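Right, one structure below, let's go through it.
The values are calculated or read from the model by the stated rules, or taken from the named source; none is laboratory data. Everything quoted here is computed from the prediction, not taken from an experiment. So basically every Cβ, Gly included, is an ideal-geometry build from the backbone, and we count neighbours across all protein chains shown. Each accessible area value is taken on the protein alone, full model and side chains, heavy atoms only, with ligands, DNA and RNA left out. Shrake-Rupley method; radii C 1.70, N 1.55, O 1.52, S 1.80 Å.
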Amino acid sequence: MASIYRTPKRLLSLARFSTLCAPFPTFLAAKSAVESELDPEKLADIFHDQSSNFARFRRHRPLYELSCRRLTRSGRLDLVERLIDHQKALPHPRTEGFWIRLIMLYSTSGMVEHALPTFHQMVEDGVQLTEKSICAILTVYLDNNLIDDLHSAFTTMLSEIDVSPGTKSYNLVLKAFCRQKDMESARKLLHKMENTDIGSYNVLLEAYLKNGDGVGFDEILKEIKSKGLEHDCSTYNHRILRFCKNKESVRAKKLLDEMAVKGVKPNSASYNMIIFGFSKVGDFESAQKVLERMLADGYVAPCSISYIILFQHMVKEGEFDSALNMCKEIIRRKWVPPFEAMEGLVKGLVEMSEVEAAKEVVEKMKKRLKGNAADSWKTHEAALPL
């Protein structure tokens, strides 16, 4: 009998949603409260109320994504659903962009079964649709690795709406075929497409590279050339990676020169793949020259991974003097070297009777550590011969 009078959990949650949190004086105060709140019920309450109070809050996409991720990790998909449902009742302009935003939040939370119905709501709402809507649904299925559903949804959408798929839509379908390793279907679709761009060919280059199919890779490169398409950064990066995998980093480095001539700006991956390629074969002089070039070119900001790649391989190859200098540079730039490589460096220096140098670099690194990282290092430090 007692169970008859027990308030269901769902009603309790609804009651919490209906209870207003203490109002925040500014959007920034509300934003800070959402970012710092770890309790899922309280987070949902704050979000519910403040999205009603501040128009700026409703325009801030990162807050929506952060909140949905946290609620998902907490296993509270019920709160995610109510949070998104609540947005439909707020005074948003109910544009295509608004609906796509909700669809992608469902995707982030793994609630794919809500994505297509939300698309149908958008259609029923009389929203002027574009190819962006098709891309949104395809992205949901692709991101959640539901490839068969993607193909089915693509066919269904085209029969329901008066929007023709373009290159971006077909590129997502290409990715789906490549994910299935169905390269024959991908090639057939590529050749049927009325308008292809370099992105279409990049999809296949990436797939052939992952599959280790050098013949297919070269065939696509030939098609790109015959079509008169210019390489973009992604195209060059696929070629760079292929050379580096084949221990042909010198040829990969020459592609940086070609990019400069063609006016294509490298990204951090362009440099880091070549740094990794040279480091893997122990050519640290060439790797450091690429690092220096990255700094001189100024296309990308220095990032820790470039230095860490070199540091880890120097330790692995027993180049402890060079590794020590690289480690000091990492610390000077206020980054933290990986602990395993740090252990290897210290042990190597001790074996070289450079105990003081080992102690000095350890102390410098410890000043960079905080919280859990500091506690984790203590475990590693206890095993060091210092």
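Under 11 Å from the Cβ of Phe27, count the other residues' Cβ atoms, weight Lys and Arg +1, Asp and Glu -1, and hand me the total.
+4
Rg/Rh for the chain: what does it come to with C-alpha atoms and Rh from Kirkwood? Please list the in-between numbers first.
Numbers: Rg = 26.6 Å, Rh = 25.3 Å.
My calculation puts Rg/Rh at 1.05.
Take Lys370, project a point 7 Å from its Cα along the Cβ direction, then tell me which residues of region 330-352 have their backbone nitrogen under 12 Å from it.
Counting only backbone N, you get no residues.
Starting from the Kirkwood Rh over alpha-carbon pairs, what translational D in µm² s⁻¹ does region 135-246 have by Stokes-Einstein at 25 °C and 0.890 mPa s?
Numbers: Rh = 14.6 Å.
Here the translational diffusion coefficient equals 168 µm²/s.
So how far apart, in nm, are the two label points at Arg251 and Asp125 if each is 7 Å from Cα heading toward Cβ?
Calculated label separation equals 5.2 nm.
Once R0 is set to 35 Å, what does the formula 1/(1 + (r/R0)^6) return for the Cβ-Cβ distance between Ala260 and Asp283, expressed as a FRET efficiency to the nearest 0.05?
Working: r = 22 Å, r/R0 = 0.62.
In this case the efficiency is close to 0.95.
Keeping the other protein chains in place, figure out the carbon and sulfur percent of the accessible area of region 247-363, with a 1.4 Å probe. Working shown, then result.
Numbers: 2810 of 5950 Å².
Looking at region 247-363 in its full context, I get 47 percent from C and S.
Taking the Cα-to-Cβ direction at Ala301 and at Gln180 and moving 7 Å from each Cα, how far apart do the two end points lie in nm?
4.2
Using 0.36 nm times the number of residues separating Glu363 and Val163, minus their current alpha carbon distance, what extension gain do you get? Before the final figure, lay out each step's value.
Details: separation 200, 0.36 × 200 = 72.00 nm, distance 6.26 nm.
Separation in residues times 0.36 nm, less the Cα-Cα distance, equals 65.7 nm.
Between Glu230 and Glu96, what is the label-to-label distance in nm when each label sits 7 Å out along the Cα-to-Cβ direction?
Rounded to a tenth, the inter-label distance reads 2.7 nm.
Within region 109-129, which residues have the backbone N less than 20 Å from the label spot 7 Å out from Glu81 along Cα→beta-carbon, could you tell me?
Inside the label zone: 109-122.
Order of 208-215, 221-228 by packing, highest average Cβ count within 10 Å first? Write down the numbers at each step before the final one.
On the way: 208-215: 14.0, 221-228: 12.5.
Going by the mean number of other Cβ atoms within 10 Å, highest first, we get 208-215, 221-228.
Rolling a 1.4 Å sphere over the protein heavy atoms, what is the accessible area per residue of the chain, to the nearest Å²? Provide the component values of the computation, followed by the final result.
Values: 20440 Å² over 386 residues.
So the chain comes to 53 Å² accessible per residue, rounded to a whole number.
So if each residue of separation counts as 0.36 nm, and I subtract the Cα-Cα distance between Asp218 and Arg69, what length gain in nm does that give?
Working: separation 149, 0.36 × 149 = 53.64 nm, distance 4.05 nm.
Difference between extended and current length: 49.6 nm.
Counting only protein heavy atoms and using a 1.4 Å probe, what share of the accessible area of region 26-181 belongs to carbon plus sulfur, as a whole percent?
Values: 3530 of 7120 Å².
In region 26-181, the share of accessible area belonging to carbon and sulfur is 50 percent.
Have a look at Ile137, Val362, His238 and report the one farthest towards the positive end of the charge dipole of the chain, computed about the Cα centre with Cβ charges (Lys/Arg +1, Asp/Glu -1).
Towards the positive end, the residue furthest out is Val362.
Inverting the mean 1/r over all pairs of different Cα atoms, compute the Kirkwood radius of region 83-187 and quote it in Å. Walk me through the numbers before you get to the answer.
Working: mean 1/r = 0.0708 Å⁻¹.
For region 83-187, the Kirkwood estimate is 14.1 Å.
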